[in-house]
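Input: a single structure, listed below in structure tokens.
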Amino acid sequence: MTIAGAMAAMIALNEVLGVQNRLVLDFVFGYGFVGIAVGLMGRNHPIGIALAAILFGALYQGGQELAFMMPAVTREMIVVIQALVILFTGAMEGLFRGPLETVFGLIEFSKNSDTEKETKE
């Protein structure tokens, strides 16, 4: 926890001294949401978290570009799109887990029964 706190402080120090040159109220607004969402989408696996972070980075950058090119697209609409991505990725696991386990369980069961028949012969 100490190391994580020190790293967070270094990141905040970089933001305050390097980018803003002053302390801005709520300059980390939304980082907690993104961190939790990335962790959930990555299923707490390092590779999954890296891929989810790349996805969210692309969503943020694409959203900023879209808001710049089309002023009718607001920041809230970009957040709604990100929320829908989280919702659908979370829902897809719950929706397809049972049928996939059934199908792959049947395939595994048939492979096991075939190998048992071969060993008996």
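Would you mind stating whether GLY32 is surrounded by 13 or more Cβ atoms within 10 Å (Cβ to Cβ) and in a helix (DSSP H, G or I)? In short, no.
From the list ILE36, ILE11, ILE47, the one residue that fits, being of a type outside the set (S, T, N, Q) and within 17 Å of ILE81 (Cα to Cα), is ILE36. If you filter segment 54-87 down to residues that are among the aromatic types (Phe, Trp, Tyr) and surrounded by 11 or more Cβ atoms within 10 Å (Cβ to Cβ), you find that the one that is farthest from the chain's Cα centre (by Cα) is TYR60.
Every read-out reported here was derived from the displayed coordinates using simple, explicitly stated rules and does not represent laboratory data. What you are looking at is a predicted structure, and each value in this text was computed from that prediction instead of being measured. Because the Cβ atoms are built from the backbone with ideal geometry, glycine has one as well, and the counts that use them run over all protein chains shown.
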